[in-house]
Amino acid sequence: MSEHPFRDLPMPPHLQQGDYLRKSAAYECVGVTMRDDQRTYRLKVLQGKLEAAWVHHFVKPQLESLGHHSMIMKPWNLKLHGRGIALGTSVHVITAADRTVRLTTWAMNDHQGHIDIADAVLICPGVRIDSACRVSIGESTMLAAGAYITDADWHDVYDRTQPIGQTAPVVLERNVWIGDGAIVCKGVRIGENSVIGAGSVVTKDIPANVIAAGNPAKPIKPLDPNLPLTTRQDMLGDGIAVAKQMDALERWLRQDNTWWRWFRSKIAPRRED
């Protein structure tokens with residue numbers, strides 16, 4: 001028996017052969033996030049419907065657009081302020097009570113912020129985006145936990161009573177990866193596929209297909225052009241097929257879970273839980 005018991009169970013053939021849920025990725029998901037999850041399939045579906053209802057009633061009205069198949073986990077921890085915020089299709093936002101996700105636009109004097117988030121973008125807990133001009137997040141981009149993106153200084157350098165200050169648009173092109181706790185400053189363009197290291201401060205443009213890090217961030221090395229790149233859009237492009245496969249995966253993972261075991265794990269947890 002392996003360290004993660006679910007890995008020893010046979011995976012259904014249609015999941016093994018799926019274009020979107022590769023066997024190795026699914027097994028890693030089991031080992032990392034499902035090991036102690038005692039929820040039954042019906043409870044998981046019920047919680048999903050609650051989150052979807054919250055998004056429909058409280059989140060969607062605050063957005064200019066929200067594409068199909070987007071998922072916001074614990075949407076009550078997504079804080080939206082201002083107009084001009086748009087999310088594409090299959091956008092995934094992960095929040096936590098102690099690491100809310102905040103998307104904020106400002107409208108003051110001649111300034112009006114815009115946040116445009118394209119398809120298949122991943123936003124992790126603690127991400128903040130502030131805009132008084134325009135922030136554009138390209139398709140399949142990933143924003144790791146605690147990343148911060150801003151298109152303004154927020155105060156004039158010499159007149160500290162003057163709000164907003166200098167502004168310049170920020171563009172993250174397709175399939176960019178912003179590392180944990182990195183900061184992207186005003187006027188920056190990051191080329192497609194590039195990776196920004198954790199804790200970096202990006203003050204100038206970064207070309208496409210490189211790994212960059214530091215304060216200020218600079219290219220360290222290029223990506224290997226001989227290796228294929230797989231993007232989130234490649235995996236999530238067919239939203240209906242992905243939803244069906246995820247539902248089948250959830251049923252398989254939770255087939256032995258019971259209401260009593262879930263309830264008991266909440267009031268009298270055991271080490272094996």
Considering only Gly214, Val55, Ser265, whose Cα is most displaced toward the positive end of the charge dipole of the chain, charges sitting on Cβ of Lys, Arg (+1) and Asp, Glu (-1)? Ser265
Under the rule of at least 5 residues apart or a separate chain, name every residue whose amide H is placed under 5 Å from the amide H of Gly146. Gly126, Val127, Gly181
Convert each backbone phi in the stretch 196-213 into a coupling constant with the Karplus relation 6.51 cos²θ - 1.76 cosθ + 1.60 (shift: θ = phi - 60°), then list the ³J(HN,Hα) values in order as whole Hz, x for Gly and Pro. 10, x, 4, x, 6, 10, 9, 10, 9, 4, 10, x, 6, 6, 9, 9, 10, 7
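Given Lys60/Lys186; Lys79/Lys204; Lys186/Lys218; Lys44/Lys266, which pairs have Cα atoms separated by over 20 Å? Walk me through the intermediate numbers first.
Working: Lys60/Lys186 27 Å; Lys79/Lys204 28 Å; Lys186/Lys218 16 Å; Lys44/Lys266 15 Å.
Checking Cα-Cα distances, Lys60/Lys186; Lys79/Lys204 exceed 20 Å.
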Residue-wise HN-Hα coupling along the stretch 178-186, computed from phi with Karplus coefficients 6.51, -1.76, 1.60 (Hz; x: Gly, Pro): 9, x, 4, x, 6, 10, 10, 8, 4
Taking the Cα centre of the stretch 219-262 as origin, sum charge times position over the Cβ atoms of Lys and Arg (+1) and Asp and Glu (-1), and report the length of that vector in debye to the nearest 20. 160
Whole-Hz ³J(HN,Hα) for each residue in the stretch 135-146, computed from phi via Karplus 6.51 cos²θ - 1.76 cosθ + 1.60 with θ = phi - 60°, x for glycine and proline: what do you get? 10, 10, 10, x, 3, 6, 5, 10, 10, 6, 4, x
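To make sure I understand, if each residue's beta carbon is the centre and we count other beta carbons within 10 Å, what order do Tyr148, Tyr158 fall in, fewest to most? All intermediate terms of the calculation are to be shown ahead of the outcome.
Working: Tyr148 18, Tyr158 7.
In order of increasing Cβ crowding within 10 Å: Tyr158, Tyr148.
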Report which label in (i) 39, 20, 18; (ii) 37, 23, 17; (iii) 29, 27, 16 holds the value of semi-axes √(5λ) of the Cα gyration tensor in Å derived from the coordinates of this structure. (ii)
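Take the Cα radius of gyration of the stretch 134-201 and divide it by 2.2 N^0.38 Å, with N its residue count; two decimals is plenty. Mind showing how you got there, number by number?
Values: Rg = 12.9 Å, N = 68, 2.2 N^0.38 = 10.9 Å.
Rg over 2.2 N^0.38 Å, computed on Cα atoms: 1.18.
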Gaussian network model of the chain, springs between alpha carbon atoms under 10 Å - residue of Thr104, Thr141, Thr161 with greatest fluctuation: Thr161
Of the candidates Gln255, Gln233, Gln38, which one comes out as most mobile in a Gaussian network treatment of the chain with C-alpha springs shorter than 10 Å? Gln255
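With +1 on each Lys and Arg Cβ and -1 on each Asp and Glu Cβ, and nothing else charged, work out how big the dipole of the stretch 66-238 is about its Cα centre, in Debye to the nearest 20. Before the final figure, lay out the partial values.
On the way: 15 positive and 17 negative charges, 67 e Å.
That gives the stretch 66-238 a dipole magnitude of about 320 debye.
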So what's the gap between the Cα centers of the stretch 70-123 and the stretch 172-221, to the nearest angstrom? 20
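Could you give the dipole magnitude of the stretch 98-158 about its Cα centre, charging the beta-carbon of Lys and Arg +1 and that of Asp and Glu -1, in debye to the nearest 20?
On the way: 4 positive and 9 negative charges, 47 e Å.
That gives a dipole near 220 debye.
Ala217: net charge of surrounding residues, Cβ under 11 Å, Lys/Arg +1, Asp/Glu -1, itself excluded? It would help to have the intermediate numbers written out before the result.
Numbers: positive: Lys204, Lys218; negative: Asp205.
Neighbour charge sum, excluding Ala217 itself: +1.
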Enumerate the amide H contacts of Ile164 below 5 Å, restricted to partners 5 or more residues apart or on another chain; note that Pro and chain-start residues carry no placed amide H. Trp154, His155
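Only the coordinates and a few stated rules stand behind these numbers; no lab work does. For clarity, every value in this text was computed on a predicted model and none was experimentally measured. Neighbour counts run over all protein chains shown; Cβ positions are idealised from the backbone, glycine included.
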